[in-house]
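Here the structure is laid out as structure tokens; the discussion comes afterwards.
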Amino acid sequence: MTSRAEIYARIRETSKQEYILHEMIRLGFWDPEAGGPNSLQAEMKLQSDLRTELRRLREQQARLRDEAALLREIRKQRMAESRRKREETKARREAERQQRAAAWARKKATEITFVGAGVSGALQKTTTEKARLEAAGLPALSDGAAIARAMGIPVGELRFLAFARRVSQTTHYRRFSVPKKTGGERIISAPMPRLKTAQRWVLDNILNKVELHDAAHGFVPGRSILSNARPHVGRAVVVNLDLKDFFPTVGYPRVWGQFKALGYSPAAATILALICTEPEVDEIELDGRRWYVAHDARSLPQGAPSSPALTNIICRRLDRALSTLAGNSGFTYTRYADDLTFSGDDADSAAVGKLLRRVRYIVQREGFAVHPDKTRVLRRGRRQEVTGLTVNDGVGVERKTLRRFRATLFQIEKDGPDGKTWGDPHANVLAAIGGFASFVYMVDPEKGGPLMKRVAALHATHGYGPTPKPAAAQPQPTADSPAPQPEAAAAQDGAADGAAEGEDGENPWWKLW
């Protein structure tokens, strides 16, 4: 049985008349097959449809009349849709950012793709010349990751050591100045421990394995100032020249090109060259913070253990050219760092002048310059010196210096070491005389032996140790070894800046005592 609620619902959906007609048909008042009420039914159906459409139009009209409410509803819907899209976009971008960050972290841990503006363009070129490297006995390193593995350090640490910054709050060098014997100051750049370790690795595993020209004697294992001086003993004329601004002249492009010439990829050459060079910097205080501002191109630093070996390698072509020139001119040529020495049996001024002109041309062609004020021509009949050693009749230490040294020993034997100095006035005099006695023994054991005994007796008397031991050969120092090693001075760029002071017998630059 149909409930009242259902009846009312059907009347609302159609109309009262249509509902009554439907019920009369259902109850049998009309035979559906007779077609009696069909026209009425159709009319009532039409009226019902019209009323429904009219109701819909009235409701729409009512909504349109409230325009402000309609706009608010539309705005609300749009804002809700916008918020939904923003949240989706934010979530998507955050997920992408995290993916990029994770990928970049993985890449930074395994690759070096940027080490500063202007020097990073070759980091993607990792093709090495393996055959050339293997033939020279050099490690095949293709990129920064390979170099880091070979050094046994993380890629991030290698990137930090090699990164070229124009402005930074950190520095890899401790810079200080030392006075020159000819006046002025020489800037020394001593690398910090981590960079120094990396430079030593480059020196031991790459640079020291490169074959040098026979004319090179400075900072070459088994050679010294003694081996540099011996070829010039007893010659009619000895010519000494110095190269001006030796280390600063060797810039980053030349160092990069040299590593590339050895067979390393552009990427590996970039990392190695950045480790071995540095720019000149200014230290600036700003708002209580210290900044290091680079103001010049990168070059070899004085004090880095890798710098002397790199200059020896870069100077191979210079050494070949000068050796050929010397041989064709009847001279002998050797080079100790930036000190060039020629000697021959023809002391004629015309021959010497012709040699000097050709030497200056070759030196300039190779990217260096002869110091205009530090060229000496020493003929027989006067003291001839090569890197601080006399070579007139044999290799020896200057007599005047030996006399002063013996006088110093006598004064110490007489009155004790207090108030006595030798060489550096701030150094321990007992240590200084020990070093110089060992140096004399290396050059001339006959003269150095008695001096060693006197120094040993002084050390024992005044309780200083260790007693200096006679040495058959001069120990080979490094560029960062402290004075007073006679070869250490030649490692510095000031080897040219502090060359011989002239022909008046004053001590030349290599005489540190």
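In this calculation the C-beta distance from Arg194 to Ala95 is compared with R0 = 45 Å, giving a FRET efficiency of 0.75. Our summary of shape: the Cα atoms of region 185-270 have principal axis extents of 50, 35, 24 Å, ordered from largest down, in whole angstrom. Per-peptide packing, taken as the mean over residues of other Cβ atoms within 10 Å, places 374-387, 49-62, 145-158 in the sequence 374-387, 145-158, 49-62 from highest down. Based on the convex hull around the alpha carbon atoms, region 67-141 presents an average projected area of 9.1 nm². Under 25 Å of direct C-alpha separation, and excluding same-chain neighbours fewer than eight residues apart, Lys374 reaches these lysines: Lys180, Lys181, Lys244, Lys354, Lys400, Lys511. In this label model, Ile187 and Thr110 are separated by 4.1 nm, measuring between points 7 Å along each Cα→Cβ vector. The alpha-carbon of Lys85 sits under 17 angstrom from the alpha-carbons of these lysines, leaving out residues fewer than 8 places away in its chain: Lys76. Partners of Lys108 within straight-line reach, counting lysines whose Cα lies under 22 Å from its Cα and excluding those fewer than 8 residues away in the same chain: Lys125.
Once the mean of 1/r is taken over each pair of separate Cα atoms and inverted, region 58-187 shows a Kirkwood hydrodynamic radius of 21.7 Å. Only helices enter this figure: runs of n ≥ 4 DSSP H residues, each worth -39500 (n - 2.57), summed and divided by the residues of the chain, yield -16000 deg cm²/dmol at 222 nm to the nearest 500.
Rounded to the nearest 0.05, the FRET efficiency derived from the C-beta distance between Lys414 and Asp282 at R0 = 45 Å is 0.35. Coordinate range of the alpha-carbon atoms in region 128-171 per principal axis, descending: 42, 21, 13 Å.
Considering all projection directions equally, how large on average is the shadow of the alpha-carbon convex hull of the chain, in square nanometres? The orientation-averaged projected area of the Cα hull of the chain comes to 50.2 nm².
For Ala294 and Lys16, calculate 0.36 nm times their separation in residues minus their Cα-Cα distance, and state this gained length in nm to one decimal.
90.3 nm
Taken together, the values in this text are just the output of simple stated rules run on the coordinates, not laboratory data. Everything quoted here is computed from the prediction, not taken from an experiment. Neighbour counts run over all protein chains shown; Cβ positions are idealised from the backbone, glycine included.
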